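The values are calculated or read from the model by the stated rules, or taken from the named source; none is laboratory data. All of these numbers come straight from a predicted model, not from anything done at the bench. Heads up, the Cβs are rebuilt from the backbone with ideal geometry, glycines too, and the neighbour counts pull from every protein chain shown. Just the protein is used for accessible areas: all its heavy atoms, side chains included, with ligands, DNA and RNA removed. Shrake-Rupley method; radii C 1.70, N 1.55, O 1.52, S 1.80 Å.
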Amino acid sequence: QQTNEELAERSTLLEERNVEIQRKSEDLELSTRYKSEFLANMSHELRTPLNSILLLSRLLSENNEENMSGEQIEFAKVIQSSGTGLLGLIDEILDLSKIEAGKMDLEFIEISVKDITDGLKNLFSEITKEKGIAFKIVDDNAPLVIKTDKMRLEQILKNLISNAIKFTSEGSVTLEVKKSGGEEKMVSFAVRDTGIGIPLDKQPLVFEAFQQADGSTKRKYGGTGLGLSISRELAKLLRGEITLKSKENEGSEFTVTIPVIGSELAVAEPAPWAK
Ligand code: ADP
């Protein structure tokens, strides 16, 4: 039997612990906010000089080729490709920090799915041809208008398709569009490849920021490991999800499923400190 005194002591202890937890969670929120703000500012400050580097190195090589040695032309190309890679990384970090801060602006408009698939076909047909793999788009040919954020949907699909191409050396990459019924009409975009596949135990990992299935230091494929985590967060903002089916050495299928009619209301509540 506990005495009243012991009970009172326990309750004071519990209260103190609660206050401590509350304080820690406020500290955590604050440091997450500082981190997101820092990243957003940093990314902005880095972009400006980098854009000048890219522009000037392009002008240098474009207008000057007759005055430059082969080596100099080669160097200018390296500056451009490294700079473009860095710009991509900065944009990805900026996207992640915006998503984390609940500050990713979305614009839901009516768009034709065919416009999107045509755009992707144009964008990727050259590189797939160069790599000797087929790029197929499969749909039922019925016109389909959906309401979503076009730029962000395209960003997800471009990321999935460029991954599929990167990790496939022969065979094909297919983008299949399907409507699924149910209460809420959904549309799914499956990106299928016949590439290296992802081992089962690595599958949950690939959606984490900076994680790659091949974590070895001598990685064969470049990349930042940010694309899929951004894509998964973007799919959530569009009120959808991304699922993965894959078999090692056989291929992978990433499917993004979103509502046919999405809306801004669905956007996740920003964290309290981001309001
Ligand atoms: P990145 O491609 O820049 O490394 P992502 O976040 O897009 O970053 O992908 C994370 C990891 O998931 C990749 O490094 C790769 O290991 C794995 N992955 C993604 N897509 C595929 C795919 N289509 N086939 C095989 N592995 C893939």
Residue ID - nearest to Gly223 (Cα to Cα), chosen from residues in the stretch 147-170 that are within 12 Å of the ligand (Cβ to nearest atom) and more than 19 Å from the chain's Cα centre (by Cα):
Thr168
Residues being open to solvent by less than 80 Å² (accessible area, probe 1.4 Å) and either hydroxyl-bearing (Ser, Thr, Tyr) or not in a helix (DSSP H, G or I) (or both): count how many of those fall in the stretch 17-37.
4
Would you be able to say whether some residue in the stretch 195-216 is within 18 Å of the chain's Cα centre (by Cα), of a type in the set (Gly, Ala, Ser) and open to solvent by less than 20 Å² (accessible area, probe 1.4 Å)?
no
Test Phe108 against the criterion of being touching a Gly at 6+ places or on another chain (Cβ under 6 Å) and more than 15 Å from the ligand (Cβ to nearest atom), and give yes or no.
yes
Name the residue that is modelled with the lowest pLDDT, counting only residues in the stretch 67-81 that are open to solvent by 90 Å² or more (accessible area, probe 1.4 Å) and not charged (D, E, K, R).
Asn67
Going residue by residue through the stretch 150-163, is there one that turns out to be closer than 24 Å to Ile99 by Cα and loosely packed, with under 15 Cβ neighbours inside 10 Å?
yes
Given the criterion among the hydroxyl-bearing types (Ser, Thr, Tyr), open to solvent by 70 Å² or more (accessible area, probe 1.4 Å), closer than 22 Å to Glu154 by Cβ and within 21 Å of the chain's Cα centre (by Cα), identify the matching residue among Thr117, Thr84.
Thr84
Among what's in the stretch 52-66 and is at pLDDT 85 or above and not aliphatic (A, V, I, L, M), pick the residue that is least open to solvent (accessible area, probe 1.4 Å).
Ser57
Could you check how many residues of the stretch 221-252 are more than 14 Å from Phe207 (Cα to Cα), part of a loop (DSSP other than H, G, I, E, B) and of a type outside the set (Phe, Trp, Tyr)?
7
Got a sec? Which of Lys247, Lys179, Lys185, Lys236 is touching a Gly at 6+ places or on another chain (Cβ under 8 Å) and either modelled with pLDDT under 95 or within 16 Å of the ligand (Cβ to nearest atom) (or both)?
Lys247
Tally, over the stretch 90-114, of residues that are under 17 Å from the mean Cα position of the chain (by Cα) and part of a helix (DSSP H, G or I)
11
